[in-house]
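Written out below as structure tokens is the structure these notes cover.
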Amino acid sequence: MRTNVYVDGFNLYYRAVKGTPYRWLDIGKLTQLLLPKHQINRIRYFTALVVARPDDPSQPQRQQTYLRALGTIPNLTLHLGYFLSHPSPKLLVNPPRNGPRFVEVWDTEEKGSDVNLASYLLLDGFANDYEMAVVVSNDSDLQLPVSMVKTTLRKTVGVIDPNPRRSFELSSAASWYRHLRKGPLSASQFPPTLNDAQGIISKPPTW
């Protein structure tokens with residue numbers, strides 16, 4: 001079956017691989033392991049460019065290295081939203097009696113990825129670019145476009161959930177639903193070094 005895979009990059013990162021040995025994840029190999037009987041027509045990977053933060057100034061460099069690695073997957077395309085990071089005052093839950101009621105924290109927001117994913121999921125469906133779509137995300141905001149693919153376009157749409165906690169919104173909207181396990185993540189790592197047109201890509205040493 002001709003299948004397109006739509007990956008919510010930040011959702012996958014924060015729900016399944018952050019703080020694990022699986023961050024150097026080969027999305028192409030992962031889709032082959034998860035969908036062995038399918039012809040993977042294309043993979044669309046949705047993310048946003050992070051900005052340096054005082055507690056992690058090298059984060060953008062690590063991300064760029066990883067995006068270069070993803071770029072070596074022949075049928076994968078990157079779709080970028082944008083990422084905002086700014087200081088923001090927040091109200092303390094239990095402020096000290098004689099102290100401030102507010103504290104200033106770094107507030108970060110990702111913009112555009114969920115809208116971009118939903119748009120391409122529907123656009124490709126209308127263009128008959130796939131027989132089945134697979135969404136890798138736990139974001140309940142995708143419930144409506146997933147449901148529209150199934151009920152309006154009458155195509156099969158599956159959800160692979162990176163979060164151990166079930167998304168009832170997505171599971172009710174999809175044709176099928178399953179959780180992403182550690183085994184496929186562990187078995188789907190890029191080699192420590194690989195090559196693209198710019199040269200050698202090396203796994204970040206802090207990963």
Within the set of pairs 6+ apart or on separate chains, which have a first residue in the range 173-187 that is in contact (Cβ under 8 Å) with a residue 60 or more places away in the chain, a second that is among the small types (Gly, Ala, Ser) and outside any strand (DSSP E or B), and C-beta atoms under 7 Å apart?
Leu180/Ala16; Leu185/Ala16
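Yes or no, residue by residue, for (1) in contact with a Leu (Cβ under 7 Å, 6 or more places away or on another chain); (2) assigned to a loop (DSSP other than H, G, I, E, B):
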| site | (1), (2) |
| --- | --- |
| Glu169 | no, no |
| Ser172 | no, no |
| Arg178 | no, no |
| Pro184 | yes, no |
| Asn195 | no, no |
| Ile200 | no, no |
| Thr206 | no, yes |
Kindly provide the set of residues from the range 26-67 that are hydroxyl-bearing (Ser, Thr, Tyr), surrounded by fewer than 19 Cβ atoms within 10 Å (Cβ to Cβ) and assigned to a helix (DSSP H, G or I), ordered by number.
Thr65
With respect to Asp124, is the statement that it is charged (D, E, K, R), within 11 Å of Asn4 (Cβ to Cβ) and not in a helix (DSSP H, G or I) true?
no
When restricted to Arg15, Arg23, the only residue basic (Lys, Arg), more than 16 Å from Val135 (Cα to Cα), surrounded by 15 or more Cβ atoms within 10 Å (Cβ to Cβ) and touching a residue at least 40 places away in the same chain (Cβ under 8 Å) is Arg23
Selection from the range 68-101 of residues that are aliphatic (A, V, I, L, M), exposed (fewer than 10 other Cβ atoms within 10 Å of the Cβ) and part of a strand (DSSP E or B):
Leu91
Would you call Gly19 part of a loop (DSSP other than H, G, I, E, B) and not acidic (Asp, Glu)?
yes
Matching entry among Glu104, Glu131 (being surrounded by fewer than 18 Cβ atoms within 10 Å (Cβ to Cβ) and either modelled with pLDDT under 95 or not charged (D, E, K, R) (or both))
Glu104
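The values are calculated or read from the model by the stated rules, or taken from the named source; none is laboratory data. All values reported here derive from a predicted model rather than from experimental measurement. Reconstructed Cβ throughout: ideal geometry from the backbone, glycine too, with neighbour counts over all protein chains shown.
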